[in-house]
Amino acid sequence: MKKTKDITTILVIALAAAGLLGMLLGSVSISLQDLISVFKFRIFGLEIPQSLKSTDTILFMLRIPRTLMMILTGAALACSGASYQGLFRNPLADPYLIGVSSGAGLGAIIAMSIPWQYSRLSVFMVPLFAFLFAIAAVFLVFNLGRMGGYLNITGLLLAGVAVNAFTSALSSVWMLISGIELKRSFSWMLGGGGIAGWDRILITAPLILIGIIGQIRYAYPLNILQYGEDQATQLGIPVGKVRIRLIIYATLTTSAAIACTGVIGFVGLIVPHLLRILIGSDYRKLVPLSLLGGAVMLTFSDILARVLLAPQEIPVGIITAVTGAPFFLWILNRTNQAKV
Amino acid sequence: MLKLSNVSLGYGSQPDTLSGISLEINRSEMLALIGKNGAGKTTLLRGLTGLLPLRSGKITINGKDITSLSARERARLISVVPQAVALPAGYTVYETISHGRTAYLNWYGKLGETDRQIIDHAIKITGLENFTEKEISTLSGGEQQRVILARALVQNAPIMILDEPTSSLDIHYQVALLQLEREICRKEGIAAVFIIHDLNLAARFADRIAILHQGKIRAIGTPQEVLQEDLLSEVYDTPVRVLNDPTEGLIIIPRTGKD
């Protein structure tokens, strides 16, 4: 109990620090003093002096929406990672590894390439397509992974690899034939969305929020689902209903985030897994704390992406993959040892 | 209390696995289900717990038809002790037992005062007082089986169903678990149906035994009535001897031909 409180406190402080650094650091650094001044002028509705005009623009047009987007996306990915792990009863179920992310990616790329009659429409269509393709991918993985009977780690991962390879190939082909701008869409595929504007946040945030609330709502039934379908039913959980709803909420959360920032992997794997080691498997704690943890991890990753090779930017998906892949191997090893 | 009238059950498009099953179990009674592998014991159990829909017939508890109940309503009437299973790691013994209260809790699974009292009572009965804060995977098989029993107990259901509860236990825990179960049935007025392969344990602990054979109830009655050499030899397709020990009662052994 106390441990949970401590970890919450640490994560909240880390998130505040990440948010602050996210505003200060980048190809142009902003001093804390300037940041405070700009906020003062904004809050009191005063005219921004000429000397701070560019700082104000960088902050409110770029840094703040981008940092907010990273917070939202990180929270979304880690939260759905926790839910998927519970749903599949598998510590390796990350939105990226089970094909949800690349499915969403394909949907988003298709939506981006279509010349919608009204340009506003595309802002809605990208998340919508992402969601539909992601749902298709998750059901595909679920059914493929179960083909040998029950859902085991190998089956799930293999199905995830297959669906990932398939949808990524389709995405590439689509990018080539549809005449969509290659550099932009490629960087987006690697999780370098980067171009978060306020309008995107306004559309994405409510979707992510609905998805997250839904996942918190079903956190307790998810605890009971860990006993498997039969026992959960016998303990009083309507398994089919809970499972479908959780898949929809988790996939909505993931695909909304991905439609905005691109395909970012491993956040949904690392964060819930570390938290599980620290606080146990109660999803009522794990899901909300994963939100915080994911936000912290992705915001810091994004800062790294901006400053490591400044002024050039690295797609944030690369940062999470470089840190995440070794971690993945570590978990795989741990899981295998636990089975012996 | 629990009454099955002419129940038939089956899978997919296959013919009935079980048909014409009628039986009745009373308060505090322990009924053992025995029979060869594939005789339909597990199928009957799945029908009782709502995992397999009935093809025909009716199941009632205290006169109430349970066929169309939701999982939640059913869990308040029937609790289940499954076959030895790997319990999810990461929960304490207390948390695991508390999951038996799911059918009474709100969406967040918040435990109230009554819930805690019921859980404490179950912990006491099953002798798990010193384990409550232990992580479940650190317990031995026998201890885990007691946790599962406690979890079923807090469901506060009038019927408890046990699927080969002793299959993975050594002889000490087998006897201990069934003694505990009998005590629970007597004290709490619970009716128990349990699948068991060990005919000697069935003879010791069951009030009545039902023999399933080829999808039907071949015989039902007290151990003395049912555990007959001819009958057992027939349904198990193996020659069997039944001895009567003056202190221990019936002893069932397979004949191996070394007369």
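The values are calculated or read from the model by the stated rules, or taken from the named source; none is laboratory data. The shown structure was predicted, so the numbers you read here are calculated from the model rather than taken from an experiment. Every residue, glycine as well, gets a Cβ built from its backbone with ideal geometry; the counts of neighbours run over all protein chains shown.
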Exercise. Can you name the residue in the stretch B:177-195 that is hydrophobic (A, V, I, L, M, F, W, C) and over 18 Å from B:ILE78 (Cβ atoms) and, of all such residues, is surrounded by the most Cβ atoms within 10 Å (Cβ to Cβ)?
Worked result: B:LEU178
Exercise. Which number in (1) surrounded by fewer than 21 Cβ atoms within 10 Å (Cβ to Cβ); (2) touching a residue at least 12 places away in the same chain (Cβ under 8 Å) marks the one condition that A:ALA75 misses?
Worked result: (1)
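Out of the stretch A:9-40, which residues are exposed (fewer than 15 other Cβ atoms within 10 Å of the Cβ) and of a type in the set (A, V, I, L, M, F, W, C)? Lay out the reasoning, then the answer.
The first filter runs over the stretch A:9-40 and keeps only residues exposed (fewer than 15 other Cβ atoms within 10 Å of the Cβ), leaving A:9-10, A:12-13, A:16-17, A:20, A:27-29, A:31-33, A:36, A:39-40.
Passing the criteria: A:ILE10, A:VAL12, A:ILE13, A:ALA16, A:ALA17, A:LEU20, A:VAL28, A:LEU32, A:ILE36, A:PHE39.
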Seminar exercise, completed: Only unsatisfied item for B:GLY12, checking (1) modelled with pLDDT of 90 or more; (2) away from chain A (no Cβ under 14 Å), is (1)
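Please determine, by comparing only the residues of the stretch A:230-246 that are closer than 20 Å to B:LEU162 by Cβ and either surrounded by fewer than 20 Cβ atoms within 10 Å (Cβ to Cβ) or not polar (S, T, N, Q) (or both), which one is farthest from the other protein chains (Cβ to nearest Cβ).
A:ALA232
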Exercise. So how many residues does the stretch A:268-325 have that are within 14 Å of chain B (Cβ to nearest Cβ) and either in contact with a Pro (Cβ under 8 Å, 6 or more places away or on another chain) or surrounded by fewer than 22 Cβ atoms within 10 Å (Cβ to Cβ) (or both)?
Worked result: 13
Seminar exercise, completed: Per the list (1) within 20 Å of the chain's Cα centre (by Cα); (2) over 21 Å from A:ILE224 (Cα atoms); (3) assigned to a helix (DSSP H, G or I), residue check on B:VAL147 breaks on (2)
For this session: Just give me the residues in the stretch A:212-229 being more than 8 Å from every other protein chain (Cβ to nearest Cβ) and among the polar types (S, T, N, Q), in sequence order.
Result: A:GLN215
Exercise. From the set of residues in the stretch B:51-89 that are buried (at least 20 other Cβ atoms within 10 Å of the Cβ) and of a type in the set (Gly, Ala, Ser), which is farthest from the other protein chains (Cβ to nearest Cβ)?
Worked result: B:SER79
Exercise. Residues that are within 16 Å of the chain's Cα centre (by Cα): which helices (runs of 4 or more DSSP H) entirely in the stretch A:25-141 hold 2 or more of them?
Worked result: A:64-87, A:100-113
Problem set entry | So A:VAL126, is it modelled with pLDDT of 80 or more and closer than 19 Å to A:GLY262 by Cα | yes
For this session: Scan the stretch A:276-311 for residues that are outside any helix (DSSP H, G or I) and at pLDDT 90 or above and jot them down.
Result: A:ASP282
Seminar exercise, completed: Of all helices (runs of 4 or more DSSP H) fully inside the stretch B:171-259, the set with 1 or more residues that are aromatic (Phe, Trp, Tyr) and either in the same structural domain as B:ALA32 (by TED's automatic domain parsing) or within 30 Å of B:VAL154 (Cα to Cα) (or both) is B:171-188, B:199-205
